[in-house]
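Working notes, beginning with the structure itself.
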Amino acid sequence: MIKVVELFAGVGGFRIGLEGYPRTKNNPYNVVWSNQWEPSTKIQHANQVYTTRWGNESHCGEDISTVDLKDIPDHDLLVGGFPCQDYSVATTLKNSGGLIGKKGVLWWQIHRIIEGKKSQKPKYLLLENVDRLLKSPSNQRGRDFAMMLSSLNQLGYAVEWKVINAAEYGLPQRRRRIFIIGYHKSTQIYKNLKNTELKEDWLFKEGVSAKAFQGTSADNKFIKGEVTDDLVEVSDNFNKGQKLSPFQNTGVMIEGKYYTKKYLPNYDGVYTKLGDILLKEEDVPKEYFIDKESLDKWSYLKGAKKEERYNKAGDFHYNYAEGGMIFPDSLENASRTIITGEGGKSPSRFKHVVNQNGKLRRLTPKELERLNMFPDNHTKLEGITDTKRAFFMGNALVVGVVEKLSKVLAKEIKSKA
């Protein structure tokens, strides 16, 4: 059994991808501890969903920065979708050798937990983030990701990463995210990666992400580089003065050296379309249909614009332009990316609108859950509004991506045991 700790659990997307819901038979994964806490929120709605589905046992609903490390059990795999923030380091503590990152930056909590496990560090990591992580911040492209690589290298891990657009592999939503897999130096997978002479082979043949989501090289450009063990130096100087990040959409890092290349997806299976997940018209509540009075507003927001606008605060006029969007959304393709503001009746440029039997309507929370491959009504609880349920899905991941990665990872762990 692979013991798992799930951080920043939200409404449990990682857990469903790993264990299934309800839990599948002979599943190799077992979540032994989880944590969910939404800062600056009085009522912890996501935590309510999580504990309703899995109970309070072995779950912590408190700020992770306040959790004592001794309360987090030893585990084999650490997973979590952590926020994309500024990961810069202010300084190091001379006496303790600890780190001072920016307050509230949750990456340093991952670092704290792994480091605190000392000889019992998790053997594997599976982390998720937005793909702009590879290019942030704008004034020092790639620095934030370099900080992660440097800190994980210090902690004894090799890393592979891949940006995966779920729709390009047949899943129902165009959601592009970076998935980061770590292997501790004590594992056979780490040793196999180290002994792989051509790291390109790992990216396209031998790595977990390569086996789960096949791809082909986009060009012959293979970028090599190094991150130092000095986190302050990386924070201050990595890629300084360069316009582009060195990190491409797939890569590996071992012993501080990284190898990265651009890949293209290679998939010839079945594709799930937006139209495939829709409820029957008679099952859609009336408030989701768009009335004639608001249709002009919807059309204006979705349409192309080229107009003069006025900035009242700065007292100046400026020209504003933006392209039009497909309106209504095509039912013959995967959906666009769900946003956190998907809920509510008010017209919006970014909310989904579909034409069903000649009637325009918004997507229901159940349909948004389906686009992320959650069970129907997973987030439906008394006291939680449909707007909040839509917010959950805007923050969630596509469960099917985690499911595919975790199946390959479990197979690799078993074969290398």
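Every number in this text was worked out from the coordinates using simple rules, so none of it is lab data. For clarity, every value in this text was computed on a predicted model and none was experimentally measured. Neighbour counts are summed over all protein chains in view; Cβ atoms, including those assigned to glycine, are modelled from backbone coordinates with ideal geometry.
Pairs K25/K404; K280/K380; K262/K366; K262/K404; K221/K416: which are spaced more than 28 Å apart, C-alpha to C-alpha?
Beyond 28 Å: K262/K366; K221/K416.
If we restrict to alpha carbons, what Rg and Dmax does the range 294-417 come to, in Å?
Spelled out, the Cα radius of gyration and Dmax of the range 294-417 are 19.6, 67 Å.
Which value, in nm² and rounded to one decimal, describes the direction-averaged projected area of the C-alpha convex hull of the range 229-360?
It is 15.1 nm².
Given Cα positions, please report Rg to Rh for the range 19-76, the hydrodynamic radius being the Kirkwood one.
Using only Cα positions, Rg/Rh for the range 19-76 is 1.00.
Report the semi-axes of the equivalent ellipsoid for the chain in whole Å, largest first, where each axis is √(5λ) for an eigenvalue λ of the Cα gyration tensor.
Ellipsoid half-lengths, sorted descending, are 36, 26, 23 Å.
Please compute the Kirkwood hydrodynamic radius of the range 144-258 from all pairs of different C-alpha atoms, in Å with one decimal.
15.0 Å
If Rh is defined by the Kirkwood formula over all Cα pairs and Rg also comes from Cα, what ratio Rg/Rh do you get for the range 249-303?
1.32
Which of Y263, L278, Y320 sits farthest toward the positive end of the charge dipole of the range 233-388, with +1 on the Cβ of Lys and Arg and -1 on the Cβ of Asp and Glu?
Value computed over the given set: Y320.
Two decimals, Cα atoms only, Kirkwood Rh: what is Rg/Rh over the range 332-402?
0.95
Take each of the peptides 392-403, 35-46, 298-309, average the number of other beta-carbon atoms within 10 Å over its residues, and list them starting from the highest.
With the highest mean Cβ count within 10 Å placed first, the list reads 392-403, 35-46, 298-309.
Quick check on my link table: of K123/K224; K191/K407; K123/K199; K243/K305; K199/K411, which ones sit more than 24 Å apart, alpha carbon to alpha carbon?
Check vs 24 Å cut-off fails for K123/K224; K243/K305.
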